[in-house]
Amino acid sequence: MMDLYLTSLLEELGFKPRDSTDVDLLNVASAAISTEGFLGFYNTFAKHYSESLSNLKYEEFANRTNRATLPLESEKETSFYNAAYGLQHYLTFTKVLNDNFFIDTSDDYNVYNIVDYGCGQGIATIALLDFIAKQKKHNIHLNIHLIEPSAISINNAAYLITLFAFKHSISINISTHTYKLANINLNLHPFADMTLHLMSYILDVKEIQKDIPFLAKNIINEAQPQILIATCPKYPRAYEGFNKLFKALFANGQPNIIENDIPHYSYRITKGVYQKEVAKTISMILAF
């Protein structure tokens, strides 16, 4: 049974009872979070797709979403996305946090602004919550801003982030912004100790790259210390996006783009099998 306090938090975010097949799948996956964390969440979707031939096919998903670059429109598409890409996104962001990011682990109380751009279902923020929990940082509050044009994705993101924050006893509040990045007008906490900008698997998308000058202007105008963390698959378009963002933020210099090969065992949805994979990714951390 879901904790009453957690239930009240979800009600405040506007969540209603879920009753469709793919939403039931999300509920089962969500229940796994409390005991198995993100891996249990991911495995629920992978198992579902490995056992049923009637699920959404890759070709159908790729054609409708232009290979996951257009906003998702149904629970069926969000379920497919979790099974096909969720684990790689999570492992990639976790890797860059573990290798390159540090937080104040003292007993001092800290407030962070978190801005998750093109957040999808919130995987980058979930990875951050897991990272904070592993650092045993307890006196912290996160003002989380989720930006995502897909209403169904951002609703799932707020729901899942609330579950993970509750699991780790991390204090949060969530603001959702269902619009494109070019229309951003955030009201960030002016006295936060730090603002973290999360960009997970978005900078290789052409439509996102068009908005980079506007994004950079907003980031530069923020007063408090800031850190930007970006990850992407190792694609030529991703390098292009990273370089465009860096040049929009800094007048001189070159970005330090980190390349990583991340081995993992996952369900290969295009082949219908579990196998060992190596995710070839790039990442970038910028401090202001």
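The values are calculated or read from the model by the stated rules, or taken from the named source; none is laboratory data. Quick caveat: nothing in here was measured; it's all calculated off a predicted structure. So basically every Cβ, Gly included, is an ideal-geometry build from the backbone, and we count neighbours across all protein chains shown.
A few comments on the model shown:
- Taking the criterion of being in a helix (DSSP H, G or I), among the aliphatic types (A, V, I, L, M) and surrounded by fewer than 20 Cβ atoms within 10 Å (Cβ to Cβ), the only residue of the range 61-94 that qualifies is Ala62.
- Filtering the range 111-163 to residues that are surrounded by 22 or more Cβ atoms within 10 Å (Cβ to Cβ), at positive phi and either of a type in the set (Ser, Thr, Tyr) or free of Cβ contacts under 8 Å to residues at least 60 places away in the same chain (or both) leaves only Gly122.
- Residue within the range 226-244 that is buried (at least 20 other Cβ atoms within 10 Å of the Cβ) and of a type in the set (Val, Ile, Thr) present: yes
- Total residues in the range 89-109 satisfying the condition of being at pLDDT below 95 and either of a type in the set (Phe, Trp, Tyr) or closer than 24 Å to Ile184 by Cβ (or both): the figure is 3.
- Restricting attention to the range 265-287 and to residues that are under 24 Å from Glu59 (Cβ atoms) and small (Gly, Ala, Ser), the residue that is surrounded by the fewest Cβ atoms within 10 Å (Cβ to Cβ) turns out to be Gly272.
- Any hit, the range 52-61, residues being touching a Ser or Thr at 6+ places or on another chain (Cβ under 7 Å) and among the polar types (S, T, N, Q): no
- Residue in the range 251-272 that is nearest to Tyr81 (Cα to Cα), counting only those that are touching a residue at least 40 places away in the same chain (Cβ under 8 Å) and out of contact with any Leu (no Cβ under 6 Å at 6 or more places or on another chain): Ile269
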